[in-house]
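A.B. asks: Pasting a structure here, questions to come.
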Amino acid sequence: MRRICTICARGGSKGLPGKNLRELAGRPLIAHSIAQAQDAGIFDEIAISSDSEEILRAAETWGAAHLIRRPAEMADDTASKLPAIRHCVEAVENVSGASFDTIVDIDVTSPLRTADDIRGAVELMESRGVTNVITGAAARKNPYFNMVQQLPDGHVDLCIRPDGGRLDRRQDCPPVFDMNAAVYVWRRDAFFDHMDVFYPDTLLYEMPDERSHDIDTPIDFQFVELLMKQGA
């Protein structure tokens with residue numbers, strides 16, 4: 001079973017400019033993901049995909065084996081991440097001369113994730129023989145109970161009304177999860193055949209809330225930094 005870990009890091013960021021290289025707990029944000037992939041100890045190759053030479057240089061400094069220069073059309077604000085993952089995998093396969101069985105992508109903006117989380121998500125996919133696994137944490141709000149949508153006439157109603165009208169206790173609602181973007185795992189053949197995040201057999205690897213915070217804004221960064229200091 002050959003596995004590759006991709007770490008995709010664009011140079012541009014609107015919510016928090018320069019976030020991928022911003023120092024967190026003494027090292028650039030991207031260095032945390034590289035270290036976690038290395039600590040997982042399950043990957044044949046670890047590759048960084050970026051349109052930024054500065055990010056690629058930093059990734060090399062922190063031990064990344066493959067530095068993949070992402071085409072500009074895969075790096076603008078409207079570009080999906082999935083083609084960048086595929087491009088990265090293909091580039092490494094062309095260099096190594098071997099193909100992979102499992103693709104794992106870990107997001108730079110989820111530094112609270114652990115090597116155990118990565119291994120757990122991969123083991124879940126491979127042991128169950130499913131197409132892919134995503135990670136998430138129990139949602140703070142539930143669309144069956146306390147999430148509302150605004151209707152065309154301006155009134156609001158529950159996002160989802162279960163049979164019978166509504167549920168009076170949150171505990172009675174179907175469990176829902178927030179995707180945390182920490183780890184994505186795919187079977188390579190299925191991903192290359194049809195790039196997507198959700199398939200008929202997609203499974204979720206549950207992570208605790210305290211490791212599920214994603215950095216998109218300055219406040220997110222400050223909060224994650226505080227959690228890391230408290231956990232030190």
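A.B. asks: Return yes or no: is Ala35 modelled with pLDDT of 95 or more and in a helix (DSSP H, G or I)?
C.D. replies: The answer is yes for Ala35.
A.B. asks: Of the residues Ile48, Ile68, Ile42, which is closer than 28 Å to Leu124 by Cβ, of a type outside the set (Ser, Thr, Tyr), within 17 Å of the chain's Cα centre (by Cα) and surrounded by 15 or more Cβ atoms within 10 Å (Cβ to Cβ)?
C.D. replies: Only one candidate passes the filter, namely Ile48.
A.B. asks: Just give me the residues in the stretch 1-26 being assigned to a strand (DSSP E or B), over 18 Å from the mean Cα position of the chain (by Cα) and buried (at least 16 other Cβ atoms within 10 Å of the Cβ), in sequence order.
C.D. replies: Matches in the stretch 1-26: Leu24 only.
A.B. asks: Hand me the list of strands (runs of 3 or more DSSP E) wholly inside the stretch 113-185 holding 1 or more residues that are of a type outside the set (Val, Ile, Thr) and closer than 28 Å to Asp201 by Cβ.
C.D. replies: Once the strands (runs of 3 or more DSSP E) in the stretch 113-185 are filtered for at least 1 residues that are of a type outside the set (Val, Ile, Thr) and closer than 28 Å to Asp201 by Cβ, what remains is 132-138.
A.B. asks: Considering only residues that are loosely packed, with under 14 Cβ neighbours inside 10 Å and either free of Cβ contacts under 8 Å to residues at least 60 places away in the same chain or in a helix (DSSP H, G or I) (or both), which ones fall in the stretch 81-112?
C.D. replies: The answer is Glu90, Asn94, Val95, Gly97.
A.B. asks: A further question on this structure: Output the qualifying pairs, or none if there are none: Cβ atoms under 6 angstrom, residues six or more apart or on different chains, first residue in the stretch 132-157 and closer than 13 Å to Met179 by Cα and in contact (Cβ under 8 Å) with a residue 40 or more places away in the chain, second residue assigned to a strand (DSSP E or B) and open to solvent by less than 20 Å² (accessible area, probe 1.4 Å).
C.D. replies: Final answer for the pair search is Val133/Val185; Thr135/Asn180; Thr135/Ala182; Thr135/Val183; Gly136/Asn180; Ala137/Asn180.
The values are calculated or read from the model by the stated rules, or taken from the named source; none is laboratory data. Given the structure is predicted, the values throughout are model-derived calculations rather than measurements. As a convention, Cβ positions derive from the backbone with ideal geometry for all residues, glycine included, and neighbour counts pool all protein chains shown. Heads up: the accessible areas ignore ligands, DNA and RNA and are worked out on the full protein's heavy atoms, side chains in. Shrake-Rupley method; radii C 1.70, N 1.55, O 1.52, S 1.80 Å.
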